[in-house]
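What follows is a single structure, written as structure tokens, with notes after it.
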Amino acid sequence: MTEKILLEHGSGGRLSHHLIASLFFKYFNNPVLNQNGDSALLNSIDNPAFTTDSYVVDPIFFPGGNIGKLAVCGTVNDLAATGAVPLYLSAGFIIEEGLPFAELEEIVKTMAEEAEKAGVKIVTGDTKVVNRGQCDKIFINTSGIGTIGPGKQNISAGTMIRPGDSILINGFIGDHGIAVMGKRESLQFGSDVLSDCASLHHISKNLVDRVDVHFMRDATRGGLATVLTGISEQYGLGIEIEEDKVPVRDSIRGLCELFGFDPLYVANEGKMVVVVPPEQEQSALDIIRSNEHGEAGSVIGRITGDHPGKVIMHTTIGGKRFVDMLTGEQLPRIC
């Protein structure tokens, strides 16, 4: 195997076959993939959920993860947010000529590790190699299939959201966006800033199995603010949140102030917004906090029939401010 990826690795010839056999089959090994067909032949899936996403993060390695971990976790979380149990993933790679083989192997190895943690199988994929300068090192597309249990099909639609419902999040916001920005700009922070990139399927499954979840959505691009304003505008409901209940690390808050960012709009890759009936708020919070990725979970606000279409935050100094959807690009290429 060469030290760097060559155009010939994407030609469909001997080097392509060697790359697939020595790298992708090595790490993604499972009976479905090993059929080596043009399509993955899957068992019948009841109430399927299907999603796809592409990852172009810059840089491709960052504190707390890399583009491969991001691709698996992001697609698993998109399925989990619908209330589905993730089952299968596809993985498509667009690789720039000259990418060191060791970097590609680390990315693929990480994807295999994250897939195993999430209990999903990477069952089909594709590899293309483009000339230098035609992509930035590597882009990855992942698609995912899962299954939704009876009575859970409306979670992603949000049709069950009602005034009085409680809004929860499973932990600190803003970690991913700041970690990626710091690595990209070679900034030296006084404390470790790590991406929160993680698969949240265990949290979502325990929630949908044990409480009446009215809505879930992972807060990625656009951050927490964009999820909340999306709910408010789409369903014509008001939302009120408490600033002191929204978990933000002191280090992240300080860095956001330094660079002129608002933590509400900074991207996350391991945060889920959950809406539940008020009488099940504590049960939901206990479930979230029992998971390693939910120890800092918090009830951050509520749905209200007042000021429909608006999100209002009660500030720590006793005032109020409107929270709007992100406009423009605050942190480019964070996923």
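Only the coordinates and a few stated rules stand behind these numbers; no lab work does. No experiment lies behind these values; they were computed from the predicted model shown. With ideal geometry, Cβ positions are generated from the backbone for all residues, glycine too; neighbour counts draw on all protein chains shown.
Pick from SER54, SER16: which is farther than 25 Å from VAL273 by Cβ, surrounded by 13 or more Cβ atoms within 10 Å (Cβ to Cβ) and in contact with a Gly (Cβ under 9 Å, 6 or more places away or on another chain)?
Testing whether each residue is farther than 25 Å from VAL273 by Cβ, surrounded by 13 or more Cβ atoms within 10 Å (Cβ to Cβ) and in contact with a Gly (Cβ under 9 Å, 6 or more places away or on another chain) leaves just SER16.
Based on this model, can you work out whether GLY305 counts as of a type in the set (Gly, Ala, Ser), in contact with a Lys or Arg (Cβ under 8 Å, 6 or more places away or on another chain) and within 19 Å of ASP324 (Cα to Cα)?
Here the answer is no, as GLY305 does not meet what is asked.
Go through region 16-29 and report how many residues are touching a helix residue (DSSP H, G or I) at 6+ places or on another chain (Cβ under 8 Å) and within 16 Å of ILE94 (Cα to Cα).
Final tally of qualifying residues: 4.
How about region 198-313: which strands (runs of 3 or more DSSP E) wholly inside it have at least 1 residues that are farther than 23 Å from ASN66 by Cα and β-branched (Val, Ile, Thr)?
Output list reads 238-242, 272-276, 298-304.
Select, from ALA112, ALA80, ALA91, the only residue that is in contact (Cβ under 8 Å) with a residue 60 or more places away in the chain, under 16 Å from PHE25 (Cα atoms), of a type in the set (Gly, Ala, Ser) and surrounded by 23 or more Cβ atoms within 10 Å (Cβ to Cβ).
ALA91
Provide a single number: the residues in region 283-335 that are touching a Gly at 6+ places or on another chain (Cβ under 8 Å) and either free of Cβ contacts under 8 Å to residues at least 60 places away in the same chain or of a type in the set (Phe, Trp, Tyr) (or both).
Matching residues across region 283-335 total 1.
Does ASP175 count as in contact with a strand residue (DSSP E or B) (Cβ under 6 Å, 6 or more places away or on another chain), of a type in the set (Asp, Glu) and surrounded by 21 or more Cβ atoms within 10 Å (Cβ to Cβ)?
The answer is no for ASP175.
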